[in-house]
1. Hey, can you rank 146-158, 72-84 by average C-beta count inside 10 Å, highest first?
2. Between Lys184 and Glu163, with labels modelled 7 Å along Cα→Cβ, what's the label distance in nm to one decimal, could you check?
3. Any chance you could give the angle, 0 to 90 degrees and rounded to 10, that helix 173-185 forms with the longest Cα principal axis of the chain?
4. Given the chain, what percent of its DSSP beta bridges are antiparallel, to the nearest 5?
5. How much of Glu52 can a 1.4 Å solvent probe reach, expressed as accessible area in Å² and rounded to 10?
6. How would His233, His70 rank on accessible area, largest to smallest, probe 1.4 Å?
7. Suppose R0 equals 30 Å; then what is the FRET efficiency for Ala133 and Lys156 from their Cβ-Cβ distance, rounded to the nearest 0.05?
8. Using a simple spin-label model with points 7 Å from Cα along the Cα→Cβ vector, what separation in nm is obtained for Thr170 and Tyr90?
Amino acid sequence: MKEQLKVLAEMQKLDDKIGQYRVLQDILPKQLNEINEKVEQATIDLLAGETEKAEINKLQRAQEGEIKTHQEQIKKYSTQLSTIKTNKEYKALNSEIAYLKDKISEIESQLLALMDTETEVKARIVDCKKALAEAEANKKAKEGDLKAQIDTLEEKIESTRAERNKLAVTLPVALIKRYGNMIKNKGNQAVAYSHEGSCGGCGFVIRQQMRIELQLREKVVYCENCGRILMNHIQEDTTETG
């Protein structure tokens with residue numbers, strides 16, 4: 001019986017390993033997706049910044065063109081002033097020149113504001129380029145390893161399962177069925193170790209008689225609450241007194 005208990009303990013270790021591989025099968029693809037998403041987001045952010053800068057530059061050119069048009073019109077009106085015959089026409093033309101000058105001043109203020117915005121956008125573009133470079137470097141450094149790990153996980157699971165099954169065939173069929181049901185229904189934990197007089201799986205207090213049975217290791221002991229196979233840690237067998 002002691003040998004059977006040792007086999008059960010080894011089987012649980014292997015199932016723990018399988019459980020860890022299963023967790024990695026969930027975690028690693030998420031990590032890979034996060035790496036790719038960071039590259040994609042950094043690319044989007046950079047494109048948004050460059051697009052915003054292009055729109056600012058387009059608006060700047062349009063306003064500079066508008067200023068040039070107004071300046072040419074002022075020059076034309078100024079030339080016409082010398083040919084004006086009536087005071088009324090002179091005042092009207094001067095008024096139009098003053099209006100255009102105000103318009104130019106207003107546009108120049110807008111251009112200054114755009115220059116400030118452009119400076120901010122340029123700084124953001126620099127940050128975006130840096131973030132993209134870092135994301136791409138991180139992807140280059142980790143993507144291959146993550147993919148390799150993901151690709152080999154199922155193989156590792158099958159190999160570990162085969163090792164466990166090789167042990168299982170040495171045990172009675174009824175015991176293996178009980179073990180399998182516990183693995184399936186108790187969070188991949190069929191074997192629980194006693195811990196300070198309680199079941200390590202569910203925390204249920206172990207009766208004194210069962211503690212003695214655990215020490216003797218002459219039969220398989222099951223937790224009265226969760227049904228898991230109970231045992232003491234191998235290294236504790238000679239020291240635990242219950």
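1. 146-158, 72-84
2. 2.5
3. So the helix axis and the longest Cα principal axis differ by about 20 degrees.
4. Values: 5 of 8 bridges.
Once the DSSP bridges in the chain are tallied, antiparallel ones form about 60 percent.
5. 60
6. Sorted descending by solvent-accessible area, the residues read His233, His70.
7. Numbers: r = 34 Å, r/R0 = 1.15.
The value I calculate is 0.30.
8. Between Thr170 and Tyr90, the label points sit 12.0 nm apart.
The values are calculated or read from the model by the stated rules, or taken from the named source; none is laboratory data. As the structure is a prediction and not an experimental result, all values here were calculated from the model. Using ideal geometry, Cβ is built from the backbone for each residue, glycine included, and neighbour counts are taken over all protein chains shown. Areas reflect the complete protein model, heavy atoms only, side chains present, ligands, DNA and RNA absent. Shrake-Rupley method; radii C 1.70, N 1.55, O 1.52, S 1.80 Å.
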